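Heads up, the thing below is written out as structure tokens.
Read-outs: derived from the displayed coordinates by stated rules, not from any lab. Nothing here was measured: the structure is a model prediction, and the numbers come from that model. Here Cβ is always computed from backbone atoms with ideal geometry, including for glycine, and neighbour counts include all displayed protein chains.
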Amino acid sequence: MKTEQLLEEIREANLTYLLLAQQMIRQDKPQALFRLGITEHVAELVDNLSTGQILKIAGSNMLMCQFRFDDQIVWNLITSHEEDRSRSMMNGVRAAMLMSDQLAEAA
Amino acid sequence: MAGKSVIDDAREVRRATELVELGARLQVLETETKLSRERLLRLYKEIRGESPPKGLLPFSTDWFVTWMPNIHASLFMSIYDCLIKTSELDDVDAIIKAYRLYLEHCSTHELEVVLSMTRAWRLVKFIDAAMLRRTPCTQCGTHFVMRTDDLAHQFVCGLCHVPSRAGKTKAARARRDALVAEHAAH
């Protein structure tokens, strides 16, 4: 991938992410914090961004969204393909609980 | 009620409406809103098209510590706790939002909904009253619901250790065997 093309893809991903985040925050803030995994402080900053500011941030050479966890356990849980229904159910529940607990601890 | 704010009243009606839509019993509405019983009855009938079921709510903490209900109850409490800690929410609004997210988890993961709205509400009340509490599993560290007077220092959750008496159906048996095998493999 050429650099210009890469930068264009980053810009698009940033734009989509920022607009979606802002829309979610405006619709239902508590739910948005849960889904986005961010603090209220960050949510307020994103909420207050003007369209011009969003365009400017999106045009950076860095991605503005980040991987949500660096925890090996969570990665294993969400990437595993279990044939067994109850095992995949349990992995899903455990992953959701770990992510919720981590976010609650960070708050 | 004299001098009551119209905005407050509207908020109460909205809350009651959401609770009824999610399947809450009348007792939940009576506790969580300041609306009169007559208005709540009318609201209930208007939304559900039938009279609310009569009789008392299930009162025991036992249900929440049985295997499958405990997993669902613990998942709900994780979501609820996360919402309470990250946002400033009234308890009842946090219960409504957490319950919606719990339903969403069940539908995206194709799970049967085990925890009803009324049970979820009851669960939060039991925890507030310190009859139940959340305790980290000594093996995986995830927080699970347990009785307050049960010992926590050796607590192993229902996902790490599936009790031999969990369920009696064929499906449950197959599920259990698979889990025992997985547990042994680690």
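Computed values, structure above
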| read-out | value |
| --- | --- |
| Ratio Rg/Rh [Cα only; Rh per Kirkwood] for the range A:1-47 | 1.14 |
| Given 14 as the ceiling on other Cβ atoms within 10 Å, longest exposed-site-free region of chain A for trypsin sites (Lys or Arg not before Pro) in DSSP loops | A:3-67 |
| Residue-averaged [θ]222 nm for the protein assembly as shown, counting only DSSP H segments that reach four residues, each worth -39500 (n - 2.57) | -20000 deg cm²/dmol |
| Packing-based exposure ordering (other Cβ within 10 Å, fewest first) of A:Met89, A:Met62 | A:Met62, A:Met89 |
| Filtered trypsin sites (Lys or Arg not before Pro), the range B:21-89: DSSP coil and at most 10 other beta carbons within 10 Å | B:Lys54 |
| Cα gyration tensor shape for the protein assembly as shown, rounded if a/c is under 1.5, else prolate or oblate | oblate |
| Rg/Rh (Cα only; Kirkwood hydrodynamic radius) as it applies to the range A:68-107 | 1.02 |
| Ranked list, fewest to most other Cβ atoms within 10 Å of each Cβ, for B:Leu151, B:Leu101, B:Leu89 | B:Leu151, B:Leu89, B:Leu101 |
| Whole-Hz couplings from phi, Karplus 6.51/-1.76/1.60, listed for the range B:59-68; x for Gly and Pro | 9, 7, 7, 3, 3, 6, 9, 6, 3, 5 |
| Chain A - percent relative contact order, Cα under 8 Å, separation 6 or more | 31 |
| Compactness of the range B:1-72 as Cα Rg over 2.2 N^0.38 Å, two decimals | 1.33 |
| Within 10 Å of each Cβ in A:31-42, the average number of Cβ atoms from other chains | 3 |
| Prolate/oblate/rounded label for the range B:1-136 (Cα gyration tensor, a/c 1.5) | prolate |
| Over chain B, relative contact order from alpha-carbon pairs under 8 Å, at least 6 apart, % | 18 |
| Estimated vicinal HN-Hα couplings, Hz - the range A:34-45 in sequence order (Karplus 6.51, -1.76, 1.60; Gly, Pro = x) | 4, 5, 7, x, 10, 8, 4, 4, 5, 4, 5, 4 |
| P(r) tail fraction, the range B:6-48 - alpha-carbon pairs more than 13 Å apart, % | 43 |
| DSSP-assigned coil residues among GluC sites (Glu not before Pro) in the range A:11-98, each with at most 12 further Cβ atoms within 10 Å | A:Glu83 |
